[in-house]
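Since every read-out is calculated from the coordinates, none of them should be taken as a lab result. Source: prediction; values computed, not measured. In this analysis, Cβ positions are derived from the backbone assuming ideal geometry, glycine residues included, and neighbour counts consider all displayed protein chains.
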């Protein structure tokens, strides 16, 4: 039996299955040509798209089940297929043999190649997460056969047995991105994770390390690997994100490696492609930060400053280094690497009385987030004032590290505060 209805989510949710033993009910959507919802006597609701093949035969293509595929998604998929039919394409589902080649592991490889071509900044971390937590369990499955329940079971194991905590949500997002790509590439009919709520409740982090704790972390870097040690110290000194510091390139610095001299004022220019805000960011470097950079060996194979492959690739040992550093520092409260950035900003504001707008500039926050519409007109970067603040921060920090007299800090506050 077939009915024609202007479908709504409320109508679909309230839809009752036909009596036991009765034939399935097909309901076509008045708003989207070709879209149909089938309801069986067992209560299963599934979407399909009906169309004519080039040979003139009426057929249909499965679009997934409800509620895994919501009404809006089903309409979008049907409209896309409808346009392909009008353009003369055969939109029948790929053959079983073709589907067999599309394992999740193979799709992740294809997704990674696309991300690299588009210069996406986060795909490497997402790939690491997938390799570690998803592919061992689901990598051999055909992407079209992966169901929401399959993924939830993996996520629940990571949460309840492995104790992964909020990282589980990062795993979920990484996989959902791959499955969304699979739909766009016509390798799967629907993303089973669409609309799935995070498996772990999260609250915004508010951990800020005191100046004493930062000094403890600084001293603890002596107990971890050399590259990680220098990177952590740069994070504390500059307040930049871990990915930005790790990916630092010699070409981004106004430093001449041949003459071993800074050619301008000692700045680090991060290109827009590497910034979360997608805007270029200029970082004034304090004297201690410049000395750390100057001490790095010149890679013969590439441009990266911090590298285990002679500059060809950037440093990739953060996971182990973070654990070692937390153990070595042994602070009374838990903390993570990203808390160093928050602590930098808090120290500038609460200890050195630095203007909020200057802190935003030092962190590389977008102008719109700092000033709203005023950002269209206020284009100066006030590098001199930001430099005074980061120089004062470096002096304050090293005074704490080395136990220098606090009397010096009073002068520094005046130098970097309301300049």
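Which whole-number percent is the relative contact order of the chain (Cα, under 8 Å, 6+ apart)?
Values: 573 pairs, mean separation 43.3, N = 419.
Dividing the mean separation by the residue count of the chain yields 10 percent.
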Taking a ≥ b ≥ c as the square roots of the Cα gyration tensor eigenvalues, with a/c under 1.5 meaning rounded and otherwise prolate when a/b beats b/c, else oblate, which class fits the range 211-416? rounded
Determine one quarter of the surface area of the Cα convex hull of the range 1-70, which equals its mean projected area, and express it in nm² to one decimal. 5.0
Roughly speaking, what is the centre-to-centre gap between the range 28-84 and the range 158-216 when only Cα atoms are used, to the nearest Å? 31
Could you work out the Rg to Rh ratio of the range 142-255, with Rh taken as the Kirkwood radius (inverse of the mean 1/r over all Cα pairs)? 1.13
Take the alpha carbon gyration tensor of the range 99-184, find the square roots of its eigenvalues, order them as a ≥ b ≥ c, and report rounded if a/c is under 1.5; if not, report prolate when a/b exceeds b/c, else oblate. oblate
For the range 215-254, with equal point scatterers placed on the C-alpha atoms only and solvent neglected, what are the log10 I(q)/I(0) values from the Debye formula at q = 0.14, 0.20, 0.33 1/Å, to two decimals? -0.32, -0.61, -1.14
For the pair residue 331 and residue 303, what calculated FRET efficiency results from E = 1/(1 + (r/R0)^6), where r is the Cβ-Cβ distance and R0 = 41 Å, to the nearest 0.05? 0.70
In a Gaussian network model of the chain with springs linking alpha carbons closer than 10 Å, the residue among 329, 24, 392 that fluctuates most is 24
Springs between alpha-carbon atoms under 10 Å, Gaussian network over the chain: tell me which of 157, 242, 86 tops the mean-square fluctuations. 86
Given contacts defined as C-alpha pairs under 8 Å and at least six residues apart, what's the relative contact order of the range 211-416, whole-number percent? 24
For the chain, would you read off the P(r) tail past 39 Å as a percentage of all alpha carbon pairs? 38
Let me know the shape class of the range 273-340, please: from the alpha-carbon gyration tensor, a ≥ b ≥ c as square roots of the eigenvalues, rounded when a/c is under 1.5, otherwise prolate if a/b is greater than b/c, or oblate. prolate
